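The values are calculated or read from the model by the stated rules, or taken from the named source; none is laboratory data. Just so it is clear, the structure is predicted and the values come from calculations on it, not from any experiment. Cβ coordinates were reconstructed from backbone atoms using ideal geometry, including for glycine residues, and neighbour counts include every protein chain displayed. Quick note on the areas: whole protein, heavy atoms, side chains included, nothing else; ligands and nucleic acids left out. Shrake-Rupley method; radii C 1.70, N 1.55, O 1.52, S 1.80 Å.
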Amino acid sequence: HKKLIGGFKRTSDKLGENLTGLFTKSALDEDTLDEIEEALIVSDLGPGMAGRVRERLADGRYERGIDEAGIRQLVAEEVEKVLAPVARPLEVEAFPRPQVILVIGVNGSGKTTTIAKLAHLFLEQDYGVMLAAGDTFRAAAIGQLKVWAERIGVPIVSGPEGGDSAGIVWDAVKQATATGIDVLIVDTAGRLQNKRELMDELAKIRRVLGRLNPAAPHDVVLVLDATTGQNALSQIEIFKEVAGVTGLVMTKLDGTARGGVLVAAAEKFGLPIHAIGVGETLDDLRPFDPKELAGAIAG
Ligand code: GDP
């Protein structure tokens, strides 16, 4: 449990640090409200959240002042309001099978690990799972995914480095369909340095999938590294344009990250958040629980 809220605790600490000394027993004046708003912004919670908490503080109910715990309570309420509508686990519900989940994200975001964690999760739910090594750009990516597939005990379709990713996806869907697989998880290249090529490659994968099943891909999951902070927000923007995104997984919330960026992302994009990554092992994918996280963020 401690691990789960690591990144959120950091946001909360940061918030506390900035709120310390601000709690007031006199009426909240403009300067104090400014400082509280600033404290919320530098905690990564985003200007929208900061503005709303400020408005609530300024509405007259706190004429006799408010302490830090009171402010945290308001923050928790506001955070939960933002997070609750976007919490949505990844469900296996596609008919006909398989459900095709494209996983996208920049290299190093935790994409491969997240694919393995998702595969593990679906296996635990008794679904048949297959992986497709669609990131043919990096030999290491293919190798790493194969190692995970073997460790988890799921079939994988792969090809040579530099091979045609759409061809691999085609083969994978054929095999998954023939063998009654429920979920096909497709790794994709994460080279954002060459946006045009990446866009073309993903478009081609989509065309191939669409020919086999007009509903595929059923999910396009963007993996984001929470330690990149505000960068995660610009990645959402770019990948929405390049690939279309249906949902998010944020990783490394056990590390040095501050989880507040998740709130900013929810607020700005309203995309479903499926799960969060809190470590490097298969069991370190946690469901996204808005109430728990709101409490952890507000401290
Ligand atoms: P990819 O390049 O996007 O496929 O990234 P990888 O899945 O290879 O992950 C990059 C590094 O981040 C690896 O060392 C992973 O073990 C690590 N990693 C992935 N997810 C998490 C997470 O939730 N928490 C922590 N602490 N490390 C993670």
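Below, the figures for the structure above:
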{"item": "Separation of alpha-carbon centers, the range 163-191 and the range 66-126, rounded to whole Å", "result": "23"}
{"item": "Mean Kyte hydropathy of 0.5 or more with a Cα span along the axis of at least 18 Å, helices from DSSP in the chain", "result": "139-152"}
{"item": "Overall Cα dimensions of the range 113-231, principal axis frame, Å, largest first", "result": "37, 34, 27"}
{"item": "28 Å tail of the calculated P(r), the range 1-146, as % of Cα pairs", "result": "45"}
{"item": "With all protein chains modelled, accessible area of ILE185 [1.4 Å, Å²]", "result": "0"}
{"item": "D_trans [Stokes-Einstein, Kirkwood Rh over alpha-carbon pairs] for the chain, 10 °C, 1.306 mPa s, µm² s⁻¹", "result": "79"}
{"item": "Of all DSSP beta bridges in the chain, antiparallel share, percent nearest 5", "result": "15"}
{"item": "Surface share of carbon and sulfur [accessible, 1.4 angstrom probe, percent] for the chain", "result": "51"}
{"item": "Gaussian network model of the chain, Cα within-10 Å springs - most flexible of LEU271, LEU83, LEU28", "result": "LEU28"}
{"item": "Lys/Arg +1, Asp/Glu -1 at C-beta; the range 60-167 dipole; positive extreme among VAL82, ALA94, GLY167", "result": "GLY167"}
{"item": "Selected from GLU237, GLU78, GLU63 as most flexible by GNM, with the chain as the system and alpha-carbon contacts under 10 Å", "result": "GLU63"}
{"item": "Cβ-placed point charges (K, R +1; D, E -1), dipole of the chain about Cα centre in debye, nearest 20", "result": "820"}
